[in-house]
Amino acid sequence: MFKKNLISMEKKKIAIIAVLAIILLSGCNQPSKCGDGKCGPRENFENCPQDCPASDIPYYFLVIHAEPGGQGITNFEELEELVEYANNYNMKISFQFAPGWPEFISGNPERMALVNSWAEQGHEIGGHHHSIFHPGVWDGYSYHDSETAWQVMEEYHWAVYGMPLPAKIPEYKGNMNEGFMDIMKRINPKMNSGCVSGVADWRELPDDIIYDSCTQYYNFGEPSRVYEDVQDPINGKNEYVSTAEVNGIRRWWLLHASALTEENAIGGIEVFDSMQEGVYGVATHGNTRQIPPLKTVMDHIHEKDPNGEKSVTLVEAITSLGLPEKEVAPIVCGDGICLDKESEITCPEDCTTEEKEYQTEDVGFSLRSPNSYDLSVRILRPKLELYPNEKFPAVLKLAGGWGEMTGQLDSPLAEEAAKKGITFVAFDSPTRINYPVGSSERDYKGFKDQADVAEVLEFMFNSPGIDSERIGIWSSSSGALLASATLGRYPEFGSRVRFWLDQEGPHCAGELLEDIDEIPGAATGLVNWETARDAKVGPGKDYATEEEFWAERCGYRFLGSFEGIYQRIQGSDDHQLGQYYKHAVAYLNAATKGNAEWTRLNREAKNVAYQSGDELQGVEINNVLSFEHITNPLAQEIFYELIEETE
């Protein structure tokens, strides 16, 4: 395919030279003027309606994010095929390559020649940056030095995403100007565009990148409005160009929507069809799974623009369509202005409050389990001796995974909550932390582990300094199996715990294994459950049958008797199970049909039944998952709202 395209490239070079010669000889290089009958590059319906009549479709730009770590032969061939697909429609692609891709491309002369040919054909070669604020994989480059970058990244992940840094983090590779741009210029020495703005701090922008498609602001309506949801197709609607000065350099932004799924694509098509002016931007990731939704958008647009006359690159959309420019407030931490995208967590130097701040204490002690061993309990709370007449709301934090749970209280969120007057409690059992997965000594979230949870709750309801009317549970991942069964099996807690905040918890370990073919990529994570089953089931072991083992670990079957608030937080790309949502539906429907005070998915309506085999008329959950990954401040905001509900 490389050889074929290189020959084709040479033919196109000859054709382009011939066309340029004709243009130069004919003297058609003079700029057009309003009234000359030609709609020039900086003319539009508003400033020159006599030359530019209103069109029934807007201009559009198509973006590919070539993600960090995605470089490889398979994905490159997908991009190659996409270029051919776009060329057949006379459409332009704005490629935005992350670090790793320039090395992969420039290290092979054939690939480098092919990318150069894409630029010669009118496609755009830009950059893509996963900053220290990105929920996915950092690319190793930052505005900050190495030590500061790591510190800010760790604090930000705890504060915003509610979790420690991912296990596999690249080493610090350099700053944005000498490091990042040196790599980028291997594939485009004149690169000036991309998706490079830092999510929470635009100082990440290198000097060379002045045109960007990843502002956090809408580009319609009033300027400086932060978009609400990264998956919302309305994000791609651009009526003007946002502009601001960052690091002493003037920059310009448009915003694109995401077409990562077919649902995204359909939503994007609806927004595109509603527009008659401006420019619509849409992007996807450069891989086998996520390019097809972009093609769905392209197919639809081709029906309305068969010659690709409204197709532009990002830079062309900003510089050549005559869109008005509007000044926006740059998202720059440390400028003394607390913007919508910033908060006391993400930018404390700009966003401070006058709330009362409690002095805190971190207390650890042993609590005897009904299973005849000692639990290690840890409490982060206001210092009781300083506030002897106050009682505080409390939350029991139940972690997923297979290791310790008390480490969750190391998070800035727990420390901040304690300063605000909220007690955080976590515990570890010796069977959980002293024995590996596969040991028969572990209980694997069955009745024995649930009894430990009940023992800690009993302590909390009788603890000085805790308001027994304001106790909740916050679980993450498989911690849900402990929370749900304890609340369902122990009526003294199911009737008194005020809320359960469930963060993407599995509903039933056994049913997940039955559905493993529906969960691409989750087999590695589920293998631990197979190991647990094998350790506990069989002759001479704790369970005679698999049915007995799984019955204790099907949380949603116990949940109907819970009388408190059930709040589910669920992203469209589950942290463990991808686009599998039966677990969320099972919990929501069980709680809604049961005795819960009220139930809610994310910020959707309360007490909704979701479509399942038992609820055929329910709401299709795919249609209401409004964000891809769980993040804080969302989870944190919901947590504080639940605390307020207990007042």
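The values are calculated or read from the model by the stated rules, or taken from the named source; none is laboratory data. No experiment lies behind these values; they were computed from the predicted model shown. Using ideal geometry, Cβ is built from the backbone for each residue, glycine included, and neighbour counts are taken over all protein chains shown. Ligands, DNA and RNA are stripped out before the accessible areas are found, and what is left, the full protein with its side chains, is counted by its heavy atoms. Shrake-Rupley method; radii C 1.70, N 1.55, O 1.52, S 1.80 Å.
Some points to look at:
- Residue-span extension gain [residue 177 to residue 598] - 0.36 nm each, minus C-alpha spacing: 146.4 nm
- Per-peptide average of other Cβ atoms within 10 Å, ordering 359-366, 601-608 highest first: 601-608, 359-366
- Sparse packing (at most 14 other Cβ atoms within 10 Å of the Cβ) combined with a DSSP loop state is found for the following trypsin sites (Lys or Arg not before Pro) in segment 234-313: 289.
- Backbone amide hydrogens, once placed in the peptide plane, bring residue 174 within less than 5 Å of 142, excluding anything fewer than 5 places away on its chain.
- Computed from phi, the 3J(HN,Hα) profile of segment 173-184 under the Karplus parametrisation 6.51, -1.76, 1.60 (θ = phi - 60°) reads 10, x, 8, 7, 7, 6, x, 4, 6, 4, 5, 4 Hz, with x in place of Gly and Pro.
- Separation in nanometres of the label points that stand 7 Å from Cα toward Cβ, at residue 357 and residue 389: 2.5
- Dividing the summed -39500 (n - 2.57) terms of all DSSP H runs of n ≥ 4 by the residue count of the chain sets its mean residue ellipticity at 222 nm at -9500 deg cm²/dmol.
- Where segment 491-592 is the region considered: accessible area per residue in Å², 1.4 Å probe: 38
- Shape category assigned to segment 348-414 from the gyration tensor of Cα positions, a/c cut at 1.5: oblate
- Normalising the average separation of contacting C-alpha pairs (under 8 angstrom, six or more residues apart) by the number of residues puts the relative contact order of the chain at 10 percent.
- Using a Förster distance of 60 Å, the FRET efficiency for residue 106-residue 551 (Cβ separation, nearest 0.05): 0.55
- According to the Kirkwood relation over distinct C-alpha pairs, the hydrodynamic radius of segment 492-585 is 14.8 Å.
- Taking 0.36 nm per residue of separation and subtracting the current Cα-Cα distance, fully stretching the chain between residue 433 and residue 515 would add 26.6 nm.
- Near-label residues of segment 478-502 by backbone N, under 11 Å of a point 7 Å along Cα→Cβ of residue 645: 498-502
- 3J(HN,Hα) from dihedral phi, segment 143-150, Karplus parametrisation 6.51/-1.76/1.60, rounded to Hz, x for glycine, proline: 4, 7, 6, 4, 5, 5, 4, 5
- Note on residue 84 and residue 608: the extension gain reaches 184.1 nm, defined as 0.36 nm multiplied by sequence separation minus the Cα-Cα distance.
- Calculated from backbone phi, Karplus (6.51, -1.76, 1.60) coupling profile of segment 281-289 in Hz, x at Gly/Pro: x, 9, 9, 8, 8, x, 9, 4, 7
- Helix 2-26 axis versus longest C-alpha principal axis of the chain: approximately 50°, rounded to the nearest ten.
- Considering only Cα atoms, the convex hull volume of the chain works out to 174 Å³ per residue.
- Residues in segment 526-545 reached by a label modelled at residue 289 [backbone nitrogen below 16 Å; 7 Å Cα→Cβ]: 526
- FRET efficiency, residue 185 to residue 146 (Cβ-Cβ, R0 25 Å, nearest 0.05): 0.65
- Pairwise label distance in nanometres, residue 36 with residue 615, each label 7 Å out on the Cα-Cβ vector: 6.4
- With the whole protein complex present, residue 36 retains an accessible surface near 70 Å², based on a 1.4 Å probe.
- Accessible surface ranking that places the most exposed of 420, 445 first, with a 1.4 angstrom probe: 420, 445
- Residues whose amide H comes within less than 5 Å of that of residue 398, counting only those at least five positions distant or on another chain, are 474, 475, 476 (H built at 1.01 Å from N in the peptide plane).
- The Rg/Rh ratio of segment 191-256, with Rg taken over Cα atoms and Rh as the Kirkwood radius over Cα pairs, comes to 0.94.
- Between segment 375-400 and segment 64-125, the Cα center-to-center distance that results, in Å: 54
- Percent accessible area from carbon and sulfur atoms, the chain, protein chains only, probe 1.4 Å: 49
- On the basis of the beta-carbon distance and an R0 of 35 Å, residue 249 and residue 573 show a calculated FRET efficiency of 0.50.
- Taking amide H as placed 1.01 Å from N in the peptide plane, residue 358 has its amide H under 5 Å from the amide H of 420, 421, each at least 5 places away in sequence or on another chain.
- Peptide packing for 501-514, 265-278 was compared via the average number of neighbouring C-beta atoms within 10 Å per residue; ordered from the highest value, the list is 501-514, 265-278.
- Computed from label points 7 Å out along Cα-Cβ, the spacing between residue 469 and residue 320 is 6.8 nm.
- Sequence ranges 410-417, 430-437, ranked by mean other-Cβ count within 10 angstrom, highest first: 410-417, 430-437
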